[in-house]
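Colleague: I have a structure here, written as structure tokens, and I will follow up with some questions on it.
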């Protein structure tokens, strides 16, 4: 039979309430009492049942970690950092896959059934209505990698996607490309919309540069490969492509190689995110770095703060993105004075 709290109390020669206080964060327990109880617990192999305790404390320490693009390898890095960071703060992540979900109501019911204390929506493609639905259900919510708004209805943290698009355009112009294109992810994803917006706005002041755009079906390798193959098959491909995500870029690179073209000599490619794979020697993708570690740590700090004070007014926080030079764009054109 499993060892219970009463067994530990009997072994330590103390009351059940003394054992309970010892394993309750913040409870007042003397050093001598704590040592006695912990020694007895170790001797018996006892571990406190936090789910059972939640019936009394009304806190499960569970945080719903919600996302919807499990085909993108960047989320292996995101989930790794989120889960370790939450666990380091004494919280327990409950990973929720909302791929292909269109309505938030079922997700809200599920998370309420698990009695989560809060929710982190780690997605740039889920509609804002999901985060708002969790909030309306009375759950503290943080939307990581979400859409920036001046007056957000939930806490949002992410990069300035418009600035990201402008940065990509600036780098392509600096390298002398005269025919460029944006290959985005899903057309309804806000990250796609705003990266395209910044890209086109920056190019408006360069009348000698021809710009086009298209959209892949998903932020995935296969979607990027299919869309780039379609563009190349059409004939007049651009000199360089700004792909709205690294994994799209890797798919695009594969399609370009299949066509017998060279990168960057025949076609240039720049991505977004700077996922670990982008730096692999056989890929070496020029990209734009999204500061995942900073966004994730700030998201965890924020959800911890919301658990203590759920009435904090929603705010939007933007994090700067930076250019990462590798080998999939040609060098910057050096202008010489005559």
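The values are calculated or read from the model by the stated rules, or taken from the named source; none is laboratory data. Computed from a prediction, not measured in an experiment: that's the story for all the values here. Every residue, glycine among them, receives a Cβ derived from its backbone with ideal geometry; neighbour counts consider all protein chains shown.
Colleague: Provide a single number: the residues in region 198-213 that are in contact with a helix residue (DSSP H, G or I) (Cβ under 7 Å, 6 or more places away or on another chain) and part of a loop (DSSP other than H, G, I, E, B).
Modeller: Total satisfying the criteria: 2.
Colleague: Same structure again: Any idea which residue in region 108-126 is surrounded by the fewest Cβ atoms within 10 Å (Cβ to Cβ), counting only those that are within 14 Å of residue 98 (Cα to Cα) and free of Cβ contacts under 8 Å to residues at least 40 places away in the same chain?
Modeller: Across region 108-126, the extreme among qualifying residues is 109.
Colleague: Shifting gears a bit: When you scan region 58-74, do you find a residue that is surrounded by fewer than 16 Cβ atoms within 10 Å (Cβ to Cβ), farther than 28 Å from residue 225 by Cα and modelled with pLDDT under 85, even just one?
Modeller: Looking through region 58-74, at least one residue is surrounded by fewer than 16 Cβ atoms within 10 Å (Cβ to Cβ), farther than 28 Å from residue 225 by Cα and modelled with pLDDT under 85.
Colleague: So, in region 232-252, how many residues would count as being without any contact (Cβ under 8 Å) to a residue 40 or more places away in the chain and out of contact with any helix residue (DSSP H, G or I) (no Cβ under 7 Å at 6 or more places or on another chain)?
Modeller: Matching residues across region 232-252 total 4.
Colleague: Quick check: is even one residue across region 291-307 in a loop (DSSP other than H, G, I, E, B), surrounded by 17 or more Cβ atoms within 10 Å (Cβ to Cβ) and touching a residue at least 40 places away in the same chain (Cβ under 8 Å)?
Modeller: So far as region 291-307 goes, no, none of its residues is in a loop (DSSP other than H, G, I, E, B), surrounded by 17 or more Cβ atoms within 10 Å (Cβ to Cβ) and touching a residue at least 40 places away in the same chain (Cβ under 8 Å).
Colleague: Only one of (1) at positive phi; (2) surrounded by 23 or more Cβ atoms within 10 Å (Cβ to Cβ) is not met by residue 176, so which one is it?
Modeller: Here residue 176 clears every test but (2).
Colleague: Exactly one of (1) in contact with a strand residue (DSSP E or B) (Cβ under 8 Å, 6 or more places away or on another chain); (2) farther than 19 Å from residue 328 by Cβ; (3) assigned to a helix (DSSP H, G or I); (4) in contact (Cβ under 8 Å) with a residue 60 or more places away in the chain is unmet by residue 195. Its number?
Modeller: (2)
Colleague: Here is a check on your reading of the model: is residue 295 modelled with pLDDT of 95 or more, within 24 Å of the chain's Cα centre (by Cα) and outside the structural domain of residue 173 (by TED's automatic domain parsing)?
Modeller: Taking the combined requirement at face value, the residue satisfies it.
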